[in-house]
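The values are calculated or read from the model by the stated rules, or taken from the named source; none is laboratory data. Keep in mind it's a predicted model, so treat the numbers as computed, not measured. Here the Cβ positions follow ideal geometry from the backbone for every residue, glycine too, while neighbour counts run over all protein chains shown. These area figures cover heavy atoms from the full protein model, side chains too; ligands, DNA and RNA do not enter into them. Shrake-Rupley method; radii C 1.70, N 1.55, O 1.52, S 1.80 Å.
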Amino acid sequence: MRHLRIMYLIVQETAPEDYEPINPFLITVPFWDGEKLVYDVSANPKLMSITGMAKYNPPVEKLVEVKSGKAPSDSEFIFKMRPNVLGYPMPENDEAEYDPATGTLTMKKHGPGSYEFGWMYFGTDHVGNTYTYTIYEAAGDDAHYKYDTMIYILTIVVNQDPETKEISLDISYADPEGRPVDAVKFTNVYTSSDNPPPSPPPEKLPQTGQLWWPIPVLALAGVAMLVVGIILRRKSEKQ
């Protein structure tokens, strides 16, 4: 006997005041409990107060290097932030796209500049945990750009002071080899097909068509004429 399974994605668009939205989650109905089909499914997600929570807004900087021509000021750039484990706290950004299957947040911006993924909140439930994320730029469809392929690893360690109970974050960035970096920067190189880069100067000077062989010939002829003149002069003096 085959049973129909329907899946629903539950997303909270607006959270109550002083609370963060619950993470999106999937439910499936009906399901088989071993003896019968169960149609009644209740979900009780835990609301987390943002009062006293630590927060962080991951920044990203977009730079454009122009090799030739003029890059459009409204070029679209795509930035992605993916948790290394599904279910990690993610930035809150109504303008970004969230993929519940991978947890990836996709942010699209136009032109070079400084941008932010959105605020991330960490409370008492996160204390003592370490969260890692991958940040990278997705290649666009503009053939004039050479898109940056750099990958950044964001690490967030959540701490709490035992006396004041204040929550703090240790934040660091690194490349895929584990080398620390100061900031998340992506540089795209723009080259216009209508204005290609200037050609490098030639290694040798171009030929002008001037011939150099007559110079030594004329010099030898002059010396010969000088010798003949001296001989003739001496003969005339002896006579």
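Along the range 104-112 the Karplus relation, 6.51 cos²θ - 1.76 cosθ + 1.60 evaluated at θ = phi - 60°, assigns HN-Hα couplings of 6, 9, 10, 10, 10, 10, 10, x, x Hz to successive residues, with x for each Gly and Pro. Only lysine pairs 8 or more places apart, or on different chains, with alpha-carbon atoms under 16 angstrom apart are counted in the range 61-189, and they number 13. Were the residues from N84 through D99 laid out at 0.36 nm apart, the gain over their Cα-Cα distance would be 4.0 nm.
FRET efficiency for the D182 to K146 pair, using the beta carbon distance and R₀ = 30 Å, is estimated at 0.85. Computed from the Cβ-Cβ distance with R0 of 41 Å, the FRET efficiency linking V127 to E35 stands at 0.50. Between Q12 and I22, the built amide H atoms are under 5 Å apart, and every one of these is 5 or more places off in sequence or on another chain.
The slack between L226 and L9, meaning 0.36 nm per residue of separation minus the straight C-alpha distance, is 67.3 nm. Overall, the accessible surface of the range 57-177 at a probe of 1.4 angstrom is composed of carbon and sulfur to the extent of 47 percent.
Take the range 76-189 with all the other protein chains still there, run a 1.4 Å probe, and you get 54 Å² of accessible area per residue.
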